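Input: a single structure, listed below in structure tokens.
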Amino acid sequence: MKIKTATSEDLDILTLLFDRYRVFYKQESNLSAAREFLKDRLRKKDSVIFLAVDENGAGLGFAQLYPSFSSVAMQRVYILNDLFVSKEARGKGIGEELLEHSKNFAKANESRGLTLETAVDNPAQNLYERLGWVKDTKVFHYTWETDKSI
């Protein structure tokens with residue numbers, strides 16, 4: 001298994017994984033929209049995507065980080081917005097490798113760290129906590145959304 005920074009050359013592999021990720025979160029499959037979304041992220045360089053592939057180049061999983069800033073700390077922070085491992089590849093340490101790769105990337109880019117949100121019933125919480133992630137119990141997280149969606 002190898003983890004690499006995804007480029008436009010990886011779009012076919014990444015699109016399939018990203019679409020499966022969205023389906024996992026109860027969205028309808030839409031390969032063309034998924035491809036365009038990822039193509040825009042890569043072209044605009046407004047996210048960093050790490051892609052895990054096997055020895056034959058087949059996609060196993062990915063992590064997508066969006067850059068942001070902490071005004072209070074006056075430092076860059078990355079939002080680990082997406083983490084997905086294909087069903088067939090789960091239980092093999094790929095999620096852990098993607099998380100560790102993301103941590104190393106954050107350190108190398110002198111950021112304050114990584115942040116993520118997850119569903120309260122997501123079993124990956126055990127993995128996050130085992131790898132040193134700390135559940136924030138001191139703040140509330142709020143969202144506001146327009147009525148527009150894909």
(Q) Out of the GluC sites (Glu not before Pro) in region 46-150, which ones are loop residues according to DSSP with at most 10 other C-beta atoms within 10 Å? (A) Glu55, Glu110, Glu145
Q: Give the cross-link partners of Lys103 among the lysines, using a straight C-alpha distance below 26 Å as the criterion and excluding same-chain residues fewer than 8 apart.
A: Lys2, Lys4, Lys39, Lys44, Lys45, Lys87, Lys92, Lys135, Lys138
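Might you report the magnitude of the Cβ-based charge dipole of the chain about its Cα centre, with Lys and Arg at +1 and Asp and Glu at -1, to the nearest 20 debye?
Dipole about the Cα centre, nearest 20: 300 debye.
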Q.
Once you keep just the Cα pairs under 8 angstrom separated by 6 or more residues, what percentage relative contact order results for the chain?
A. 18
(Q) Given all pairs of different Cα atoms, what value in angstroms does the Kirkwood hydrodynamic radius of region 15-94 take? (A) 13.9
(Q) Report for the chain the percent antiparallel among DSSP-assigned beta bridges with both residues inside it, nearest 5. (A) 90
Q.
I want to check the label-to-label distance for Ser32 and Val139. Put each point 7 Å from Cα in the C-beta direction and report it in nm to one decimal.
A. 4.0
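Say a site is exposed when it is one of the chymotrypsin sites (Phe, Trp or Tyr not before Pro), sits in a DSSP loop, and has at most 12 other Cβ atoms within 10 Å; what is then the longest site-free stretch of the chain? Write out the running numbers ahead of the final one.
Numbers: sites that count: Tyr25, Phe140, Tyr142, Trp144.
Within the chain, the longest run free of exposed chymotrypsin sites (Phe, Trp or Tyr not before Pro) spans 26-139.
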Q. Residue farthest toward the positive end of the dipole of the chain, with Cβ of Lys/Arg at +1 and Asp/Glu at -1: which of Ala124, Phe140, Val23?
A. Phe140
Q. Which trypsin sites (Lys or Arg not before Pro) from region 15-100 combine a DSSP loop assignment with at most 11 other Cβ atoms within 10 Å?
A. Lys26, Lys45
Q: Could you give the size of the charge dipole of region 1-89 about its Cα centre, using +1 on the Cβ of each K and R and -1 on the Cβ of each D and E, expressed in debye and rounded to the nearest 20?
A: 300
Q: Multiply the residue gap between Lys148 and Arg76 by 0.36 nm, knock off their C-alpha separation, and tell me the result in nm, one decimal place.
A: 23.0 nm
(Q) Quick check: from the Cα gyration tensor, does the chain come out rounded (a/c under 1.5), prolate or oblate? (A) rounded
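Laboratory data are not the source of any read-out in this text; all were calculated from the coordinates shown. None of the values given here were measured: they were computed from a predicted structure. Cβ coordinates were reconstructed from backbone atoms using ideal geometry, including for glycine residues, and neighbour counts include every protein chain displayed.
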